[in-house]
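Below you'll find the structure, written out as structure tokens, and then a few comments.
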Amino acid sequence: MSEEGYLLNPEDIRFAVRAISTGGEGSLRDLLTNHIPVSSKKRFIIPKTEVQRQYIEAIKIHDIVIGIGPAGTGKTYLAMAMAINAFLKKEVSRIVLARPAVEAGERLGFLPGDMYEKVNPYLRPLYDALFDMMDPEKVGKLIERGIIEIAPLAFMRGRTLNDSFIILDEAQNTTSEQMKMYLTRLGFSSKTVITGDTTQIDLPAGRTSGLIEIERILAGVEGIKFIYFSEKDVVRHKLVQEIVKAYERHEKRSADNPKTPE
């Protein structure tokens, strides 16, 4: 594969071997060649686990895909790669990346700058993933022309997005109303991927997460696909996977042995 021009690194090999050894279908070669071309630099994004491969296949087939799981599982990164690939293949004419800025809450007004400058810190992870896959100068030009748009979720209200690939990141922090508003923005020839981690909700107490709600409302709806990631799909530094496991063990112990109030 290396002789054929694939840029493989030790992490690609490690994750691929693990995916196959834990019962993943197909061959090692199949897993590594199921790549996503993302830029003119001939770079490829390779799914590193069986669930990631299923996620990519789901995005190819379905117009609405919802990826749920812990941090570091590649939910947003792979969705971004698929969006860029769809744009390069002229399957869509624009990419829209949205994220709720819920962490700011009422404090948003106290931050310096205009609205874009206030919410920019919450959109930074989307910029980081984008710059990792495309030449920064090209990204800048596409953003200037409005072909790539990175915006807080609130900016989606009242719009209909046609011929677009839309990603909603950190969807666990949407309210019921925001999620319904977002889902009804989808226009003709468009595709959306919604990503989130239902264990990391920052909404005020008493507010229902739109992501948790659609698990019930949209379950079984034809054309919508839910993909669930676990700690086995964490593809960041190997210690991240161990950290996720440790937190899951801690939360299970806490649930099994709740503290009695003094």
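The values are calculated or read from the model by the stated rules, or taken from the named source; none is laboratory data. All values reported here derive from a predicted model rather than from experimental measurement. A quick note on method: Cβ atoms are made from the backbone with ideal geometry, for glycine too, and the neighbour counts reach across all protein chains shown. With ligands, DNA and RNA removed, areas are computed over all heavy atoms of the protein, side chains included. Shrake-Rupley method; radii C 1.70, N 1.55, O 1.52, S 1.80 Å.
Key figures for this structure:
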item	result
Net length gained if the chain between Ile217 and Ser176 were fully extended (0.36 nm per residue, minus Cα distance)	13.7 nm
Net charge contributed by nearby residues that have their C-beta within less than 14 Å of Glu213 (K/R +1, D/E -1)	+1
Solvent exposure, largest accessible area first (probe 1.4 Å, DNA, RNA and ligands not counted), of Glu213, Glu242	Glu242, Glu213
Accessible area of the stretch 170-262 belonging to carbon and sulfur atoms, whole % at 1.4 Å probe	53
Highest to lowest packing among 171-177, 144-150, scored as the average C-beta count within 10 Å	171-177, 144-150
Taking the stretch 115-235 and dividing mean pair separation by its residue count, relative contact order in percent (alpha carbons under 8 Å, at least six apart)	22
Spin-label model distance (nm) - Glu242 vs Ala154, 7 Å beyond Cα toward Cβ	4.2
Of Lys60/Lys138; Lys75/Lys225; Lys191/Lys225; Lys60/Lys89, pairs whose Cα-Cα distance is over 18 Å	Lys60/Lys138
Under 5 Å, built H, 5+ apart or other chain: amide partners of Ile64	Thr192, Lys225
